[in-house]
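These notes concern the structure reproduced below.
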Amino acid sequence: MSFLDLIVDANFRSENVGRVVVFSGVNRNRGYLVKSPADELRIKSFLKMFYFAHFAILWLGILLSSAWSTFVNHILRKPEDHFARSMAVFIGTYCLVAGLPYWLLWRSFKKSIFTFVSAQDEVVVSGTSPSQRRWRLVAFCIAAFAALIMAIGVLLLVRAK
C-alpha cells in the first residue's frame, strides 16, 4: 500500500448509515454518504490526484523558491549578515511560487467535490476515526524525533572545543 493510499483511506469511514467519505478541510464534522463501490473508487482516484498535486506543489515550490531566493540573496550581497532579509526573500518567493498554485488547486478542489457527492447525502460524523488517531500519533512521534535531532545538533554546535 502506497503513501497516497494511506492518506486517501483516512478520508473514508464506515458509519452506522454506511460508507462515508469525509473531505479533510472542507466541513469538520460532516461527511457524505457513498452510494456504491464504483462511486468510492471514483472519489479515491480523485483524491489521489488531488493529494499528488498537493505534494508536488509543496515540494517543487520549496525547491524552486530555495534556489531562486539563494540567487536573489547573492545578488543583494552578504546573505549571511542579513538572516532576516534572507528568510523574508525565501518566504516571499515561496508564497508566489507555491502559494498561488496551491490556492488555485484548493479552489478547484472545493468546486469539484460536489460532482462526486450530493449535498443531500450529507451526514453528521461521530468523533475521530481510528486512522486519524493513528496519524496523530505518527505525527507526534515524527515531531518528537525531529526535536530530538535538532537538540542534538544544537548541543554539538555550541559545545566547548
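The values are calculated or read from the model by the stated rules, or taken from the named source; none is laboratory data. Small disclaimer: the values here were computed from a predicted structure and weren't measured. Because the Cβ atoms are built from the backbone with ideal geometry, glycine has one as well, and the counts that use them run over all protein chains shown.
Criterion first (closer than 30 Å to GLU15 by Cβ and at pLDDT 90 or above) does SER129 satisfy it? Give the steps one after another, and end with the answer.
Details: closer than 30 Å to GLU15 by Cβ: yes; at pLDDT 90 or above: no.
No.
Restricting attention to segment 53-74, does a residue exist that is surrounded by 10 or more Cβ atoms within 10 Å (Cβ to Cβ), touching a residue at least 40 places away in the same chain (Cβ under 8 Å), closer than 30 Å to GLY18 by Cβ and among the aliphatic types (A, V, I, L, M)? It would help to see each step written out before you state the result.
Pass one, segment 53-74, residues surrounded by 10 or more Cβ atoms within 10 Å (Cβ to Cβ): 53-74.
Narrowing the set further to residues that are touching a residue at least 40 places away in the same chain (Cβ under 8 Å) leaves 53-54, 57-58, 61.
Those left that are additionally closer than 30 Å to GLY18 by Cβ: 53-54.
In the following step, the residues that additionally are among the aliphatic types (A, V, I, L, M) were identified as 53.
Scanning segment 53-74 turns up at least one residue that is surrounded by 10 or more Cβ atoms within 10 Å (Cβ to Cβ), touching a residue at least 40 places away in the same chain (Cβ under 8 Å), closer than 30 Å to GLY18 by Cβ and among the aliphatic types (A, V, I, L, M).
If the requirement is being under 22 Å from ARG134 (Cα atoms), touching a residue at least 40 places away in the same chain (Cβ under 8 Å) and of a type outside the set (Gly, Ala, Ser), which of these qualifies: LYS35, LYS48, LYS44, LYS110? Can you show your working first?
Values: LYS35 fails: under 22 Å from ARG134 (Cα atoms); LYS44 fails: touching a residue at least 40 places away in the same chain (Cβ under 8 Å); LYS110 fails: under 22 Å from ARG134 (Cα atoms).
Exactly one of LYS35, LYS48, LYS44, LYS110 is under 22 Å from ARG134 (Cα atoms), touching a residue at least 40 places away in the same chain (Cβ under 8 Å) and of a type outside the set (Gly, Ala, Ser), namely LYS48.
Table: residues versus (1) within 19 Å of PHE116 (Cβ to Cβ); (2) not polar (S, T, N, Q).
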position: ASN29; (1), (2): no, no
position: LYS35; (1), (2): yes, yes
position: HIS54; (1), (2): yes, yes
position: VAL72; (1), (2): no, yes
position: LEU76; (1), (2): no, yes
position: PHE90; (1), (2): no, yes
position: PRO101; (1), (2): no, yes
position: LEU104; (1), (2): no, yes
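Given the options LEU33, LEU100, LEU47, name the one that is surrounded by fewer than 15 Cβ atoms within 10 Å (Cβ to Cβ) and assigned by TED's automatic domain parsing to the domain that holds ALA119. Walk me through how you get there before you give the answer.
Details: LEU33 fails: surrounded by fewer than 15 Cβ atoms within 10 Å (Cβ to Cβ); LEU47 fails: surrounded by fewer than 15 Cβ atoms within 10 Å (Cβ to Cβ).
Just one listed residue meets the conditions, LEU100.
Only one of these is within 25 Å of the chain's Cα centre (by Cα) and outside any loop (DSSP other than H, G, I, E, B): VAL117, VAL123, VAL72. Name it.
Working: VAL117 fails: outside any loop (DSSP other than H, G, I, E, B); VAL72 fails: within 25 Å of the chain's Cα centre (by Cα).
Within the list VAL117, VAL123, VAL72, the selection yields VAL123.
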